[in-house]
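Some notes on the structure that comes next.
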Amino acid sequence: MESQNYLILVMQMLGSLALLMYGMKTMSDALQKMAGPQLRHVLGAMTTNRFTGMLTGVLVTAAVQSSTATTVMTVSFVSAGLLTLAQAISVIMGANIGTTLTAWIMSAGFSFNITDFVWPAFLVAIILIYSKKRRVAGDFLYGIAFMFLGLGTLRQTGIDMNLGQNEAVLSFFSSFDPNSFLTTLLFLLIGGILTMCVQSSAAVMAITMILCSAGVLPIYQGIALVMGENIGTTVTSNIIALSAGTQARRAAFAHMFFNLFGVCWILLVFRPFVDGVCGLVGYDVTMAKSDPLFLNNAAKLSFVLAAFHTCFNLVNTGILIWFIPQIEKLVCYVIKQKKTDEDEEVMRLQYIQGGLMKTPEISVIQAQKEISHFAERIQRMFGMVGELLGEKDKEKFAKLFTRIEKYEGISDNMEIEIAKYLEQVSDAHLSDETKGKIRQMMREISEIESIGDACYNLARTLNRKLQSGKDFTQPQYANIRRMLELTDSSLTEMNRIMQGRREELSNIHTFHIENDINTLRNNLKAQNIQDVNDHQYDYAVGTMYIDFINECEKLGDYVVNVVEARLGK
């Protein structure tokens, strides 16, 4: 074959791989859009123990056709505190099994020409896309059609290249000793590097199937490439987790440990294990090329690769699922928690990271967790106001006031950072439901920041009182503490609602507390006028006293606004 024709076929093969990868990504993204809002609740319900967690990983990965997507979701959920590390490890184990479905789909695609079936799928997909309500379903069907078109084109390209008759290719692969352990390690390394470079184990699996089906690559070296893919694919989640929190990095490392452990034990029983898988599929390892049945035998190679991938992950999971607590201890030992003081911990975002934008629908869940974290910190700031009220030592008062001032700056920064993150997420293609959630979340952070401003204003009022040399009377202190207790109750109720499922929550209790705050404020204002007229304290003290009470009432209004935004009112 002329070199020009080979160049055209190579470009055709690379284009087919790109089509395959694009189809899988489109299909996966569409499925995540459809299921994204429900994934948090699915994972929460199905990860009660290691076995249900593993099953969840299998089902989610089989559905979205991407172990990387599942692993990134899982790492994101650990970072957002939605899953424990032990739960995440079981889900990742399941993801490794679920991803083997891709290999079976590809092996089927290599067994017969499926391109004829994709054209009707393209037609239906474009109709659905132009129908706005079903656009995501159209994207999903488009992804499937592109994936199968890429597979069919790859299959035909492999046949047209006639690699089995190419002396240069045959001599290259025959230069490696098929019985050498070093050859197995070399191809394992090549598989890992290729997967890291293209960021798609499916693409490397497709190349491996072409080479094996053409009779160029011996099955043992082909399976070594598949083993390398298992290691290479873990690099993605580890790279993404570098910018995430400690728990996320631990989950990503657990994924790498799982696959590395599997490759290590499989190398010890490599030949017997591969021969056993070949026996299951009905592939004869010893058949010579001169045998009349050789082509029929070679046609089974793609199924051998898929079967090995499945058996390897099933056995590996069967071994390691009993040692999840030990794996958890190991990854915690390797990746230690950074020590930070309390203020340093508050100053940074805990759950959302710039590197975890892989799945926008899941990023919204992370942002909601961060907003809940924001609300908790604001209640902590409010608690400091209560401490400031009872502090008589000027030095300690100044230190505590400075800390509240610092928290006010932190709340401003948190509002800005979360808003920026939500703006980034909103740039992605999202479901209408998720877009509505983002608008509500923007409102939530604005109102929570206003609570922070109110807390700072309360502290400033107390500081003004201290600087004036005046003090509240004992009845005034008692009334202020009653108001602080009511306001703190409203903040506690707000945080309870922020962390729950909104369809299961109500704002009735929040309104009851707000009514109590308003009633107390009105009573205290009327009482204050009378007390000033009766000369129980001077007008300046009365002004500071009522400023404090009014600010608490404003804070209660902001709490109501947060709750209404959270509940979509």
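Pop a pseudo-label 7 angstrom from the Cα along the beta-carbon direction at both residue 426 and residue 12 and give the gap in nm to one decimal.
For the pair residue 426/residue 12, the computed spacing is 4.8 nm.
Of the heavy-atom accessible surface of region 394-475 (probe 1.4 angstrom), what whole percent is carbon and sulfur?
46
Relative contact order, percent, of region 382-470 when contacts are C-alpha pairs under 8 Å separated by at least 6 residues?
For region 382-470, the relative contact order is 45 percent.
With a 1.4 Å probe and all protein chains kept in place, how much accessible area does residue 51 have, in Å² rounded to the nearest 10?
Its heavy atoms expose roughly 100 Å² to the probe.
What share of Cα pairs, in percent, lie more than 22 angstrom apart in region 462-569?
Across region 462-569, Cα pairs with separations above 22 Å total 39 percent.
Filter 133/437; 396/470; 369/394; 399/470; 525/569 down to the pairs with a C-alpha to C-alpha distance above 28 Å, please.
369/394; 525/569
Could you check the simple spin-label distance between residue 398 and residue 453, using points 7 Å along Cα→Cβ, in nm with one decimal?
2.9
How much length is gained on full extension from residue 533 to residue 337, taking 0.36 nm per residue of separation minus their Cα-Cα distance?
Stretched out fully, the residue 533 to residue 337 stretch lengthens by 64.6 nm.
Which FRET efficiency value, to the nearest 0.05, do you get for residue 567 and residue 419 by plugging their Cβ-Cβ distance into 1/(1 + (r/R0)^6) with R0 = 25 Å?
The pair residue 567/residue 419 has a calculated efficiency of 0.75.
At 7 Å along the Cα-to-beta-carbon direction for both residue 133 and residue 285, put a label point, then send me their distance in nm to one decimal.
Result: 5.7 nm between the two label points.
So what does residue 569 come to for accessible area, using a 1.4 Å probe and Å² rounded to 10?
Residue 569 exposes around 140 Å² with every protein chain in place.
Among 489-495, 387-393, what's the highest-first ranking by average C-beta atoms within 10 angstrom per residue?
489-495, 387-393
Residues of region 512-529 with backbone nitrogen within less than 14 Å of a virtual label 7 Å along the Cα-to-Cβ line of residue 485, please, listed as ranges.
517, 520
The values are calculated or read from the model by the stated rules, or taken from the named source; none is laboratory data. Keep in mind that what you see is a predicted model, and the values were worked out from it rather than measured. For neighbour counting, all protein chains shown are included, and Cβ atoms are generated from backbone atoms with ideal geometry for every residue, glycine included. Note: areas computed on protein heavy atoms with side chains; ligands, DNA, RNA excluded. Shrake-Rupley method; radii C 1.70, N 1.55, O 1.52, S 1.80 Å.
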